[in-house]
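As structure tokens, the structure follows; a few thoughts come after it.
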Amino acid sequence: MGSFPRRVALGAVVLVALLCVAWIVRGGADAKPLPGQPLRVLGKAKGLEIGTAVRGDDAKRVRAYRQLIAAQFSSVTPENEMKWEATEPEQGRFEFGAADEIVDRARQAGQKIRGHTLVWHLQLPGWVRKLGPQDLRAAMEEHIDRVVGHFKSKVGVWDVVNEPISDRGGLRPSVFERRLGDGFIALAFRLAHQADPDAKLYLNEIGAEGINAKSDRLYSVISGLKSQGVPIDGVGFQVHSNLDGLPADFVQNMQRFAALGLDIAITEADVGVPLPPDGEKLERQARIYDEIVRSCLTVNCKTLTFWGFSDRFSWISETQPGMGAATLLDGQFQPKPAFYAVQRALGG
Ligand code: XIL
């Protein structure tokens, strides 16, 4: 046994260590509340769900992130946890744990959940790419049936097919298109509808904001689906943007899809900035966010989802060299001009 002072010192060290462990387990500090009315409250007054992409691991780990998701948003989209590689990494072996955690937390916070995504050429496990036409069709049937079935009555909206059109206006040459032809899109929607007749089913596209070859093709594909009676409810515009801003005909483009009787959603909004950000760039970014919100309101869109809300967790800085600072809050969860712009555009 050591001397009394040594035992006191040891006790103090143990106590500090325990406090540190407790701090880490609870996920660090509370979020500093954001000024003004929460975005979800402002959105509600306009009949608009306000969503964010959510990262399950970070939500588990970081208390402030969890708290802000619950406080500010009325809808969440799992950023990666419902993609094919996550839900069926090996054929017939389904994994729902990570997605279930996001779903449970969202339900506790009274949030809607957008399921993202069933059929996409990326984050697709290697085994799917190796299948021939018949096996691929069977795999799609099983995948959609099991995934949509698992989340039935919890996930109200699915991005059934993601990014099926190439930038030049053809159908993207994915494994689905090559093996099954363009009928894979209708098939995916029919399967999703069978698995959950109550879910709203969306086709989600990237870079189709303006009227151009890509969105023209999207329009003809979707009109075709509608006229064949395929159960499609909506079209999602991702709106991954930058300081070049939105195409001038963004609203007009969304309106032609709405005129087909489809719901419109903005599903992945962010505005990348060349690094390092400065005051002037952040003001320009705020003006683009303002325009995103106003465009969404003009076409009566159902949901406006941001692809993350803090620069601490954003795919832009992780995947686009030299770009970043793409979201509403900085890395310390403090508001940027973009956050205030969104609040104002929502009437706050
Ligand atoms: C991105 C995620 O944000 C990243 O974490 C991941 O590494 C790659 O995918 N279009 C989509 C989203 O539909 O699923 C993508 O998300 C961004 C582009």
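Bear in mind that the values in this text are calculations on the coordinates, not laboratory data. Note that this is a predicted model, so its numbers are computed, not measured. All Cβ positions, glycine included, derive from the backbone under ideal geometry; neighbour counts span all protein chains shown.
Look at the range 117-135: where a residue is in contact (Cβ under 8 Å) with a residue 40 or more places away in the chain and among the hydrophobic types (A, V, I, L, M, F, W, C) and a partner is assigned to a helix (DSSP H, G or I) and more than 16 Å from the ligand (Cβ to nearest atom), sitting 6+ places away or on another chain with Cβ atoms under 6 Å, you get LEU118/ILE144; LEU131/ALA139. When you go through ASP216, ASP244 one by one, which is the residue that is closer than 23 Å to THR319 by Cβ, surrounded by fewer than 17 Cβ atoms within 10 Å (Cβ to Cβ) and of a type in the set (D, E, K, R)? That would be ASP244, the only listed residue that is closer than 23 Å to THR319 by Cβ, surrounded by fewer than 17 Cβ atoms within 10 Å (Cβ to Cβ) and of a type in the set (D, E, K, R). Number of residues in the range 25-61 that are within 16 Å of the ligand (Cβ to nearest atom) and crowded, with 19+ Cβ neighbours inside 10 Å: the value is 7. Of the helices (runs of 4 or more DSSP H) entirely within the range 1-118, those holding at least 2 residues that are under 16 Å from the mean Cα position of the chain (by Cα) and within 29 Å of CYS296 (Cβ to Cβ) occupy 56-61, 63-72, 84-87, 97-108.
Sort out which residues of the range 119-166 are part of a helix (DSSP H, G or I), touching a strand residue (DSSP E or B) at 6+ places or on another chain (Cβ under 8 Å) and within 26 Å of ASP263 (Cβ to Cβ), and write them in order of number. Result: MET140, HIS143, ILE144, VAL147, VAL148. Do we have any residue at all in the range 10-29 that's in contact (Cβ under 8 Å) with a residue 24 or more places away in the chain and of a type in the set (A, V, I, L, M, F, W, C)? Within the range 10-29 (the criterion being in contact (Cβ under 8 Å) with a residue 24 or more places away in the chain and of a type in the set (A, V, I, L, M, F, W, C)), the answer is yes, since at least one residue qualifies.
Could you go through the range 270-283 and let me know if any residue there is away from the ligand (no atom under 16 Å from the Cβ), closer than 24 Å to GLY47 by Cα and either buried (at least 23 other Cβ atoms within 10 Å of the Cβ) or not charged (D, E, K, R) (or both).
First, pick out the residues of the range 270-283 that are away from the ligand (no atom under 16 Å from the Cβ): 273-283.
Then keep just the ones that are closer than 24 Å to GLY47 by Cα; that gives none.
Within the range 270-283 (the criterion being away from the ligand (no atom under 16 Å from the Cβ), closer than 24 Å to GLY47 by Cα and either buried (at least 23 other Cβ atoms within 10 Å of the Cβ) or not charged (D, E, K, R) (or both)), the answer is no, since none of the residues qualifies.
A single entry from ALA71, ALA64 fulfils the requirement of being surrounded by fewer than 17 Cβ atoms within 10 Å (Cβ to Cβ) and either within 13 Å of the ligand (Cβ to nearest atom) or under 22 Å from VAL41 (Cβ atoms) (or both): ALA71. All conditions but one from (1) touching a His at 6+ places or on another chain (Cβ under 6 Å); (2) closer than 23 Å to ARG66 by Cα; (3) within 16 Å of the ligand (Cβ to nearest atom) apply to ASP159; the one that does not is (2). When we screen PRO133, PRO125 for residues that are more than 30 Å from GLN67 (Cα to Cα), within 16 Å of the ligand (Cβ to nearest atom) and not aromatic (Phe, Trp, Tyr), the only hit is PRO125.
Okay, residues lined up against (1) out of contact with any strand residue (DSSP E or B) (no Cβ under 6 Å at 6 or more places or on another chain); (2) under 30 Å from LEU275 (Cβ atoms):
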position: LEU187; (1), (2): yes, no
position: ASP196; (1), (2): yes, no
position: ASP216; (1), (2): yes, no
position: SER227; (1), (2): yes, no
position: VAL230; (1), (2): yes, no
position: GLY234; (1), (2): no, no
position: GLY245; (1), (2): yes, yes
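Considering only residues of the range 74-107 that are without any contact (Cβ under 8 Å) to a residue 24 or more places away in the chain and not basic (Lys, Arg), which is surrounded by the fewest Cβ atoms within 10 Å (Cβ to Cβ)? Among those that are without any contact (Cβ under 8 Å) to a residue 24 or more places away in the chain and not basic (Lys, Arg), it is GLY97.
Is it true that GLY132 is surrounded by fewer than 19 Cβ atoms within 10 Å (Cβ to Cβ) and small (Gly, Ala, Ser)?
When the stated conditions are applied, GLY132 passes them.
Name the residues in the range 313-348 that are assigned to a helix (DSSP H, G or I), more than 15 Å from the ligand (Cβ to nearest atom) and either touching a strand residue (DSSP E or B) at 6+ places or on another chain (Cβ under 9 Å) or within 14 Å of THR52 (Cβ to Cβ) (or both), would you?
Taking the range 313-348 as the starting set, the residues that turn out to be assigned to a helix (DSSP H, G or I) are 315-319, 337-345.
Restricting the remaining residues to those that are more than 15 Å from the ligand (Cβ to nearest atom) gives 337-345.
Of everything in the range 313-348, those that are assigned to a helix (DSSP H, G or I), more than 15 Å from the ligand (Cβ to nearest atom) and either touching a strand residue (DSSP E or B) at 6+ places or on another chain (Cβ under 9 Å) or within 14 Å of THR52 (Cβ to Cβ) (or both) turn out to be ALA338, PHE339, VAL342, GLN343.
What pairs come up if the first residue lies in the range 263-280 and is under 20 Å from ILE50 (Cβ atoms), the second is among the β-branched types (Val, Ile, Thr) and more than 13 Å from the ligand (Cβ to nearest atom), and their beta carbons are under 6 Å apart, counting only those six or more places apart or on different chains? Every condition considered, the pairs that remain are ILE264/VAL299; ALA265/THR303; ALA269/ILE292; VAL271/ILE288. Within this structure, ASP167 fails the test of being among the charged types (D, E, K, R), away from the ligand (no atom under 16 Å from the Cβ) and more than 15 Å from the chain's Cα centre (by Cα). Screening PHE176 with (1) under 30 Å from ASP216 (Cβ atoms); (2) in contact (Cβ under 8 Å) with a residue 12 or more places away in the chain; (3) surrounded by fewer than 18 Cβ atoms within 10 Å (Cβ to Cβ); (4) not charged (D, E, K, R) gives one miss only, at (3).
For the range 202-216, the candidate set comprises residues that are more than 23 Å from LEU191 (Cα to Cα) and of a type in the set (D, E, K, R); within that set, the residue that is farthest from the ligand (Cβ to nearest atom) is ASP216.
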